[in-house]
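Report on the following structure.
The values are calculated or read from the model by the stated rules, or taken from the named source; none is laboratory data. What you see is a predicted model, and the numbers here were worked out from it, not measured in a lab. Neighbour counts run over all protein chains shown; Cβ positions are idealised from the backbone, glycine included. These area figures cover heavy atoms from the full protein model, side chains too; ligands, DNA and RNA do not enter into them. Shrake-Rupley method; radii C 1.70, N 1.55, O 1.52, S 1.80 Å.
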Amino acid sequence: MTVVSLGLPVPGRGGVTPPRDPARPQTSALLDSHGRVATDLRISLTDRCNLRCTYCMPAEGLDWLPTSDLLTRAELARLIRIAVTDLGVRELRFTGGEPLLRGDLAGIIADAAALRPRPEISLTTNGLGLVRKAKALRAAGLDRVNVSLDTVRPELFHQITRRDRLADVLAGMRAAADAGLTPVKVNAVLMRGINDDHAPELLQFCLEHGYELRIIEQMPLDAQHGWERSEMVTAEEILASLRTAYALTPDSEARGAAPAERWLVDGGPATVGVIASVTRPFCGDCDRTRLTADGQVRSCLFSTGETDLRDLLRSDAGDDAIAQRWQDAMWAKLPGHGINDPGFLQPTRPMSAIGG
Ligand code: SAM
Ligand code: SF4
């Protein structure tokens with residue numbers, strides 16, 4: 001695997017770096033004004049997808065970003081190097097859209113894995129194509145995967161994703177486990193009247209295969225803007241449903257900045273996680289910074305503003321100017337996502353374009 005070598009910092013040659021906000025302390029970390037430090041970088045590699053999950057995008061897809069707008073492998077390598085070696089990022093998660101659609105994914109991972117300190121590298125994917133790629137991604141340096149799976153019933157999978165591909169996803173998960181991309185985590189979203197009673201059978205499937213299930217509350221991030229609070233299956237309902245079949249006890253392991261509240265299943269060691277982004281927000285512990293496929297920093301999934309790094313990358317700006325713009329963007333991070341505030345405004349970009 002050829003690694004794109006961007007080891008040497010790029011000094012600024014032109015342009016003027018605006019003065020740093022005087023209130024922001026002199027630190028290289030991605031600190032915000034509420035005292036949180038971002039060390040976990042989520043990178044969307046593309047907004048395109050080969051499924052059409054009903055809670056994510058319409059049947060006809062979306063107006064995809066032109067390829068020339070997407071960050072190239074070399075641009076990604078540079079931004080990731082700045083994040084890891086200058087800004088204190090320790091974990092990387094590649095997502096999308098569907099990140100496996102990037103033909104250069106193994107190279108992007110290899111570039112990141114060559115950095116020192118070596119970041120933890122994970123991938124969130126729908127699993128299509130993983131059966132062919134799992135080994136090469138592992139060899140490139142990928143540590144773990146999260147595969148999205150909302151049901152193990154083939155007809156319902158077809159109805160939810162609008163594609164008849166359950167068998168491919170299941171094969172992809174097995175291939176990931178065989179390649180050592182463990183623990184394989186399974187992300188599920190429940191929808192009222194569709195798969196809201198599937199939590200126990202999803203958990204049974206995961207227990208049988210040694211996967212870790214995490215059920216996510218549906219968030220107002222769909223392209224169609226069709227989310228309704230009353231339709232959302234809450235964490236409380238998810239837990240009640242799981243408890244019809246399993247005994248759940250709180251996992252005493254420290255949660256830290258992890259979004260999932262974890263429970264031991266029937267005394268452990270297996271666990272199940274519930275991500276209650278809406279009903280039990282964890283914004284106070286958030287350690288995330290996000291990069292869209294077209295090079296915009298977002299301090300939160302729900303930000304309504306973005307900060308452009310791509311224009312700096314494509315000018316002659318030095319690493320210091322890029323780092324400072326990233327630090328300024330994170331300093332302005334709001335204390336919470338505001339979903340539960342009366343004036344909440346859904347971001348214009350959907351989850352698939354931001355990177356979930
Ligand atoms: N295509 C990949 C996949 O599905 O895993 C990566 C991108 S997808 C946007 C990332 C995760 O976001 C998936 O687990 C998906 O189920 C979840 N997701 C998408 N829309 C959501 C929504 N409105 N609320 C909660 N989770 C959502
Ligand atoms: Fe694609 Fe993932 Fe959205 Fe489903 S959730 S449509 S797999 S981006």
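When residue 115 is tested against (1) within 16 Å of ligand 1 (Cβ to nearest atom); (2) under 18 Å from residue 77 (Cα atoms), only condition (1) is not met. Residue check: is residue 353 among the aliphatic types (A, V, I, L, M), part of a helix (DSSP H, G or I), within 16 Å of ligand 2 (Cβ to nearest atom) and under 19 Å from the mean Cα position of the chain (by Cα)? So residue 353 fits the description; yes. Among the residues of region 133-144, is there at least one that is outside any helix (DSSP H, G or I) and open to solvent by less than 20 Å² (accessible area, probe 1.4 Å)? Yes, some residue in region 133-144 is outside any helix (DSSP H, G or I) and open to solvent by less than 20 Å² (accessible area, probe 1.4 Å).
Regarding region 343-353, can at least one residue be identified that is hydrophobic (A, V, I, L, M, F, W, C), at pLDDT below 85 and open to solvent by less than 20 Å² (accessible area, probe 1.4 Å)? Yes - at least one qualifying residue is present in region 343-353. Residue check: residue 61 meets all listed conditions (1) touching a residue at least 24 places away in the same chain (Cβ under 8 Å); (2) within 16 Å of ligand 1 (Cβ to nearest atom); (3) open to solvent by less than 10 Å² (accessible area, probe 1.4 Å); (4) out of contact with any Asp or Glu (no Cβ under 9 Å at 6 or more places or on another chain) but one, namely (1).
Can you confirm whether residue 304 is assigned to a strand (DSSP E or B), in contact (Cβ under 8 Å) with a residue 40 or more places away in the chain and more than 16 Å from ligand 1 (Cβ to nearest atom)? Write out each step before concluding.
Working: assigned to a strand (DSSP E or B): no; in contact (Cβ under 8 Å) with a residue 40 or more places away in the chain: yes; more than 16 Å from ligand 1 (Cβ to nearest atom): yes.
Against the criterion (assigned to a strand (DSSP E or B), in contact (Cβ under 8 Å) with a residue 40 or more places away in the chain and more than 16 Å from ligand 1 (Cβ to nearest atom)), residue 304 does not qualify.
I need the full set of residues from region 153-176 which are outside any helix (DSSP H, G or I) and either within 15 Å of ligand 1 (Cβ to nearest atom) or on the phi > 0 side of the Ramachandran plot (or both), in order please. Within region 153-176, 162, 163, 165 meet the criteria. Looking at region 251-270, can you tell me whether even one residue there is in contact (Cβ under 8 Å) with a residue 24 or more places away in the chain and within 13 Å of ligand 1 (Cβ to nearest atom)? Within region 251-270, one or more residues are in contact (Cβ under 8 Å) with a residue 24 or more places away in the chain and within 13 Å of ligand 1 (Cβ to nearest atom).
Scanning region 304-342 for residues that are under 20 Å from residue 82 (Cα atoms), open to solvent by less than 20 Å² (accessible area, probe 1.4 Å) and β-branched (Val, Ile, Thr) yields a single hit, 322. Residues of region 181-224 that are part of a loop (DSSP other than H, G, I, E, B) and more than 15 Å from ligand 2 (Cβ to nearest atom): 181, 182, 183, 184, 192, 193, 196, 197, 198, 210, 211. If the condition is being touching a strand residue (DSSP E or B) at 6+ places or on another chain (Cβ under 6 Å) and either within 16 Å of ligand 1 (Cβ to nearest atom) or open to solvent by 10 Å² or more (accessible area, probe 1.4 Å) (or both), then region 81-96 contributes 91, 92, 93, 94, 95, 96.
Scanning region 249-290 for residues that are aliphatic (A, V, I, L, M) and surrounded by fewer than 18 Cβ atoms within 10 Å (Cβ to Cβ) yields 254, 257, 258, 270.
Scanning region 166-175 for residues that are open to solvent by 30 Å² or more (accessible area, probe 1.4 Å) and under 22 Å from the mean Cα position of the chain (by Cα) gives 168, 170, 174.
Scan region 218-229 residue by residue and report those that are under 22 Å from the mean Cα position of the chain (by Cα) and surrounded by fewer than 22 Cβ atoms within 10 Å (Cβ to Cβ).
Answer for region 218-229, where residues must be under 22 Å from the mean Cα position of the chain (by Cα) and surrounded by fewer than 22 Cβ atoms within 10 Å (Cβ to Cβ): 218, 219, 220, 222, 223, 224, 225, 226, 227.
Filter region 30-58 down to the residues that are of a type in the set (Gly, Ala, Ser), more than 16 Å from ligand 1 (Cβ to nearest atom) and touching a residue at least 60 places away in the same chain (Cβ under 8 Å) and list them by number. Selection gives 33, 38. Annotation note: Cβ proximity below 8 Å between a residue of region 148-160 that is farther than 17 Å from residue 59 by Cα and touching a residue at least 60 places away in the same chain (Cβ under 8 Å) and a residue that is within 13 Å of ligand 2 (Cβ to nearest atom) and assigned to a helix (DSSP H, G or I) (sequence gap 6+ or interchain) occurs for 150/157; 150/160; 150/161.
Of all residues in region 176-215, those that are open to solvent by 30 Å² or more (accessible area, probe 1.4 Å), within 18 Å of the chain's Cα centre (by Cα) and closer than 23 Å to residue 242 by Cα total 4.
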